[in-house]
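Below: the structure, in structure tokens.
The values are calculated or read from the model by the stated rules, or taken from the named source; none is laboratory data. Just so it is clear, the structure is predicted and the values come from calculations on it, not from any experiment. Ideal geometry is used to build each Cβ from the backbone, glycine not excepted, and the neighbour counts take in all protein chains shown. Side chains are part of the model used for accessible areas, which takes the heavy atoms of the whole protein and leaves out ligands, DNA and RNA. Shrake-Rupley method; radii C 1.70, N 1.55, O 1.52, S 1.80 Å.
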Amino acid sequence: MADKFDLIVIGAGPGGYVAAIRAAQLGLKTACVEKWIDKEGKTVHGGTCLNVGCIPSKALLEASHKFIEAQHDFDDMGIQAGDVTMDVKKMMARKDKIVKNLTGGIAGLFKANGVTALEGAGKVLSSKQVEVSKDGEKVVYEADNIVIASGSVPVDIPPTPLTEGLIVDSTGALEFDETPKRLGVIGAGVIGLELGSVWNRLGSEVTVLEAMDSFLPMVDQAVAKETQKLLKKQGLDIKLGARVTGSDIKDNEVVVKYADSEGDKEITFDKLIVCVGRRPYTQGLLGDDAGVKLDERGFIFVDDQCRTSVPGVYAIGDVVRGPMLAHKASEEGIMVADIVAGHKAEMNYDAIPSVIYTFPEVAWVGMNEQEAKAAGIEVKSGSFPFAASGRAMANNATEGMAKVITDAETDRVLGMHIVGQHAGEMIAQGVIAMEFGSSAEDLALTCYAHPTMSEAVHEAALAVDGHAIHMANRKKRK
Ligand code: FAD
Ligand code: AMP
């Protein structure tokens, strides 16, 4: 008879492994099932985020940014670095080492917290049974509760079928062993812009083909416009309103067909990255009698507290509605573990930050000005350019701006949108402001350390009432 658990988690990505650790900390007898196999044939934890997502992409973004800095910023600072070259294979080896360290660390965390790691593919047979299969062997485990955290996989589109070494998804784009001369990217979303930036910095001529006419519609349009301008200046050729309709492989090159307002066009690349989004992954996950319902887009249907249609079965992370972000998955994991352990728990879905790790970074939380107005809210906003920040000048990072969006009636912070160096760190201030129901005045009355990039957030909050200090004042203080 196989072990019985209080909770079995299926999937050890940032949703699943965090849920399992929290549940074990709360005294639940917990197991976590994972089927990801690495190149050496070993089971690895960490899911998309650690293996082929957040972490490896940031390792490459950081290395490629330093390469650019060494070429363009050092001289001005008096540093003579000579001829700067990039060894792509070494950059990749560093990335692989970071991934290995982190994924290996989760096994250690499981051990330290008393989580049983089960290797193999998990299948929900009923609300109380999970089958785990590996190498043809199947074991059925009993559980009082089940959390599904099976994540997502890249979407592929019929016009550009993946072709080894030529047409790749985001995972393939993290593995190039040399810099392609002409690189195409389909999709100007978060992942497309990050991966396009990496290879652009290393010398590729990058063209991004985006079907939509608008650029980053989820970001405040003042911030999005500034971002588009900066990325263009770096050499990213972003073609909006360009829908990819087909492709051919000729002489080891990829010929992409697309349609824009002027008609049908073709463009030739050495490699093409398809970054058109991700879809929930539920393959082989649900037995015939599981009863867990999916929504019309294939996500597991859940309520606000991640309960599925079957009592005792929960689902979290990329496999359910909401933004596909690691920290959203982890927060849902903690909420569900708390609920299973008998505690009250909920999440504030209005205060989930998003970051695009380009240079400069783009980060936002809450509504943008356009969304707030469309929702019928009378809006006030304040912006501050990094060009007026002393620290930004010292850092050689004067591009971008911070913007605070508030409800004109109550002064409550509705959103914060930033493009600038370290925007991904600064946005935590907006998240905390929103979590605490702060007003722009609360931010304005807060003492910020000088000189910091965050002072731009302070000034943007002051600017909501026209009282920024380091900008021409528009209003007289009463
Ligand atoms: P996943 O991380 O996908 O994990 C699911 C796990 O479940 C996998 O390990 C899978 O093998 C396992 N599994 C699936 N089915 C079964 C089964 N039947 N049995 C056993 N195991 C199973 N997000 C951010 O927040 N910040 C970023 O900077 C960021 N960058 C990204 C960059 C790239 C290139 C990509 C592709 C994604 C990025 N993301 C980022 C998104 C982030 O990776 C996901 O939102 C996050 O990994 C979702 O976590 P999850 O636990 O829901 O699923
Ligand atoms: P995201 O969902 O943020 O990863 O972004 C994916 C992007 O790909 C979206 O902005 C889509 O508009 C874009 N996209 C999807 N299909 C196509 C296509 N056939 N041609 C060009 N862009 C596309």
- [ ] Would you kindly find the accessible area of TRP36, with a 1.4 Å probe and non-protein molecules such as ligands, DNA and RNA excluded, rounding to the nearest 10 Å²?
- [x] 80 Å²
Open item on the list: Of all beta bridges DSSP finds with both residues in the range 248-320, what is the antiparallel percent, to the nearest 5?
Closed with: 100 percent
Task: For the chain: relative contact order, % (alpha-carbon pairs under 8 angstrom, 6 or more apart) - done: 14 percent
TODO: Quantify, in whole percent, the carbon and sulfur part of the accessible surface of the chain (1.4 Å probe; protein heavy atoms only).
DONE: 51 percent
Task: Under the Karplus curve 6.51 cos²θ - 1.76 cosθ + 1.60, θ = phi - 60°, whole-Hz ³J(HN,Hα) for the range 75-83, x wherever Gly or Pro sits - done: 4, 4, 8, x, 9, 9, 9, x, 6
Open item on the list: Under the rule of at least 5 residues apart or a separate chain, name every residue whose amide H is placed under 5 Å from the amide H of THR245.
Closed with: LYS257, TYR258, ALA259
- [ ] Pull up the cross-link candidates among the lysines for LYS100, meaning alpha carbon to alpha carbon under 22 Å and not fewer than 8 places away within one chain.
- [x] LYS35, LYS39, LYS42, LYS58, LYS89, LYS90, LYS111
Task: Taking the range 326-448 and dividing mean pair separation by its residue count, relative contact order in percent (alpha carbons under 8 Å, at least six apart) - done: 24 percent
- [ ] Roll a 1.4 Å probe over the protein heavy atoms and report the accessible area of ASP75 in Å², nearest 10.
- [x] 100 Å²
Task: Share, in percent, of DSSP beta bridges within the chain that are antiparallel, nearest 5 - done: 65 percent
- [ ] Starting from the Cα of LYS233, draw a straight line to each of the lysines and keep only those under 21 Å, dropping any in the same chain fewer than 8 residues away.
- [x] LYS66, LYS181, LYS225
Task: Relative contact order of the range 166-257, pairs being alpha-carbon contacts under 8 Å that are 6 or more residues apart, as % - done: 27 percent
TODO: From largest accessible area down, sort HIS422, HIS470; use a 1.4 Å probe on the protein chains.
DONE: HIS470, HIS422
Task: the range 282-357: trypsin sites (Lys or Arg not before Pro) falling in loop per DSSP and having at most 10 other Cβ within 10 Å - done: ARG297, LYS344
Task: In the range 34-71, GluC sites (Glu not before Pro) in a DSSP loop with at most 15 other beta-carbon atoms within 10 Å - done: GLU40
Open item on the list: Between the range 289-312 and the range 40-110, how far is it from one alpha carbon centroid to the other, in angstrom?
Closed with: 37 Å
TODO: Would you rank GLU331, GLU459, GLU266 by solvent-accessible area, highest first, keeping every protein chain in place and using a 1.4 Å probe?
DONE: GLU266, GLU331, GLU459
Task: Heavy-atom accessible area per residue - the chain, 1.4 Å, Å² - done: 47 Å²
- [ ] Determine the calculated [θ] at 222 nm for the chain from helices alone, applying -39500 (n - 2.57) to every DSSP H run no shorter than 4 residues and normalising by the residue count; nearest 500 deg cm²/dmol.
- [x] -9000 deg cm²/dmol
TODO: Could you state how much accessible area ASP87 has, in square angstrom rounded to the nearest 10, with a 1.4 Å probe and all protein chains kept in place?
DONE: 90 Å²
Task: For the range 99-106, Karplus couplings with θ = phi - 60° (6.51, -1.76, 1.60), whole Hz, Gly/Pro x - done: 4, 4, 4, 6, 5, x, x, 5
TODO: Enumerate the amide H contacts of VAL9 below 5 Å, restricted to partners 5 or more residues apart or on another chain; note that Pro and chain-start residues carry no placed amide H.
DONE: ALA31, CYS32, VAL33, VAL147
